[in-house]
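Here's the structure, in C-alpha cells; my notes come after.
The values are calculated or read from the model by the stated rules, or taken from the named source; none is laboratory data. Here the structure is a predicted model, which is why all the values come from computation and not from measurement. Methodologically, a virtual Cβ is constructed for each residue, glycine included, from the backbone with ideal geometry; neighbour enumeration extends over all protein chains shown.
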Amino acid sequence: MSVDGRTLRHTVGRFVTGVTVVAMDIEGELRAMTANSFTSVSLDPPLILVCVGKDTKIGHGIRDVAGFSINILGEGQQDLSSYFAGIWKGDPPEFHFVPWEGGPRLEGSTAALGCAVHAVQDGGDHWIVLGRVLAAHRADGQTLPLVFFAGRYLSLEGALPPG
C-alpha cells in the first residue's frame, strides 16, 4: 500500500510544529526559506536537522555552502513565514538579516542557531541537512513561538510558564 503526497501532507499536518526561516549566503546572495521540518538531533556534538526541498534555490545550493542559520519565528511573525514560503502577496514585509557565525541571522526572531553544514543526505524530494551548531541566540524576555497546525497558525496565548 502506498500513500499519496496530498494524504501524507494532510496527515503529517496534524503534528504541531514551530516555524523557522533557514537562511544562507549562496555565492554572495542571501537566500532564505520557511521550514517547519526542523529538530534537535544531538547535544554532543550539538547537531540539528532541517529538510529543504531539492528543487528550491536553497536546495540547489546547500551542498556548496559552509553554513546556514535557523531562525525560530515568534507569534507575531506570520508575515515573514508567508513571505519566505513564497506565498506573500504585495510588498515584502520589513526584515533585516545581520552577518553571523554559520549564516545570516534574522533580527527579531525568537531564537536562532548558526550552523556549519555537517552532512547532507538524500531524502526523496528533499535534502536532509545536519547542521553542527556554532552559535545560539535568544531574544530577551519570553516570546510565544509561531505555531503551525493543520495548515493554519495557532496561538499559544496563556501557555507560557510563570517566570
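When residue 122 is tested against (1) free of Cβ contacts under 8 Å to residues at least 60 places away in the same chain; (2) surrounded by 15 or more Cβ atoms within 10 Å (Cβ to Cβ); (3) in a strand (DSSP E or B); (4) out of contact with any Leu (no Cβ under 9 Å at 6 or more places or on another chain), exactly one condition is not met: (2). A count restricted to the range 39-64 and to residues that are crowded, with 19+ Cβ neighbours inside 10 Å and β-branched (Val, Ile, Thr) stands at 5.
Sort through 95, 148 and tell me the only one that's aromatic (Phe, Trp, Tyr) and within 13 Å of residue 23 (Cβ to Cβ).
Working: 148 fails: within 13 Å of residue 23 (Cβ to Cβ).
When all the criteria are applied, what remains is 95.
The residue pairs whose first member lies in the range 139-163 and is part of a strand (DSSP E or B) and of a type outside the set (S, T, N, Q), whose second member is at pLDDT below 80 and surrounded by 10 or more Cβ atoms within 10 Å (Cβ to Cβ), and whose beta carbons are closer than 6 Å, counting only pairs six or more residues apart or on different chains, are 147/156.
Filtering the range 8-33 to residues that are among the β-branched types (Val, Ile, Thr), surrounded by fewer than 19 Cβ atoms within 10 Å (Cβ to Cβ) and touching a residue at least 60 places away in the same chain (Cβ under 8 Å) leaves 16, 17. Has the range 52-64 got any residue that is in contact (Cβ under 8 Å) with a residue 40 or more places away in the chain and more than 17 Å from the chain's Cα centre (by Cα)? Checked against the condition, which is being in contact (Cβ under 8 Å) with a residue 40 or more places away in the chain and more than 17 Å from the chain's Cα centre (by Cα), the range 52-64 yields at least one hit.
Return yes when residue 43 is in contact with a strand residue (DSSP E or B) (Cβ under 7 Å, 6 or more places away or on another chain) and more than 17 Å from residue 151 (Cβ to Cβ) and no when it is not.
Details: in contact with a strand residue (DSSP E or B) (Cβ under 7 Å, 6 or more places away or on another chain): no; more than 17 Å from residue 151 (Cβ to Cβ): yes.
No, not satisfied.
Against the list (1) surrounded by 16 or more Cβ atoms within 10 Å (Cβ to Cβ); (2) within 14 Å of residue 102 (Cα to Cα), the condition residue 36 fails is (2).
Residue 114 meets the conditions (1) part of a loop (DSSP other than H, G, I, E, B); (2) surrounded by 15 or more Cβ atoms within 10 Å (Cβ to Cβ) in every case but one. The failed one is (1).
Out of the residues in the range 79-99 that are in contact (Cβ under 8 Å) with a residue 40 or more places away in the chain and either among the acidic types (Asp, Glu) or closer than 17 Å to residue 139 by Cβ (or both), which is surrounded by the most Cβ atoms within 10 Å (Cβ to Cβ)? That would be 80.
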